[in-house]
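The values are calculated or read from the model by the stated rules, or taken from the named source; none is laboratory data. All values derive from a computational prediction rather than experimental measurement. Note that each Cβ is placed from the backbone with ideal geometry, even for glycine, and that neighbours are counted across all protein chains shown.
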Amino acid sequence: MSEYGEFETGEQHEALDQIHEVDASEQDYQSQFGVYEQDHASAESTSFDQGHHVEYTDPNGAHYEESDYTSYDHSAAETDHIFAAEGSESASSSEFHQLDALQARFDAAFAEGTYASN
């Protein structure tokens with residue numbers, strides 16, 4: 001009687017390493033300015049003159065005379081200047097970092113055998 005036998009054993013190891021990395025940044029700047037300006041000027045002038053004169057002589061030789069005179073002058077000038085400014089300014093900055101790591105390990109073991117007998 002002959003015997004024949006074969007046995008085999010073994011191990012298998014595999015690994016997977018994957019790294020994914022992202023670096024990002026963003027900067028933002030905004031400015032808004034406004035200017036308002038106004039000039040105003042006005043002038044006025046008033047002149048008022050009034051005169052009154054009465055003269056009278058009667059037949060007897062009496063004499064009467066009256067004079068009234070009114071003079072009024074007014075001058076005015078006005079100037080206005082308005083200046084206004086407003087503004088805003090803003091800035092922002094942001095950064096983003098991401099790191100993903102994947103690690104997997106695969107282990108396998110096996111055993112095979114063949115046995116033959118007569």
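Taken as a whole, the condition of being assigned to a strand (DSSP E or B), under 30 Å from residue 86 (Cα atoms) and modelled with pLDDT of 90 or more applies to residue 29.
Among the residues of segment 29-57, those identified as more than 30 Å from residue 79 (Cβ to Cβ) and among the polar types (S, T, N, Q) are 30, 31, 32, 50, 57.
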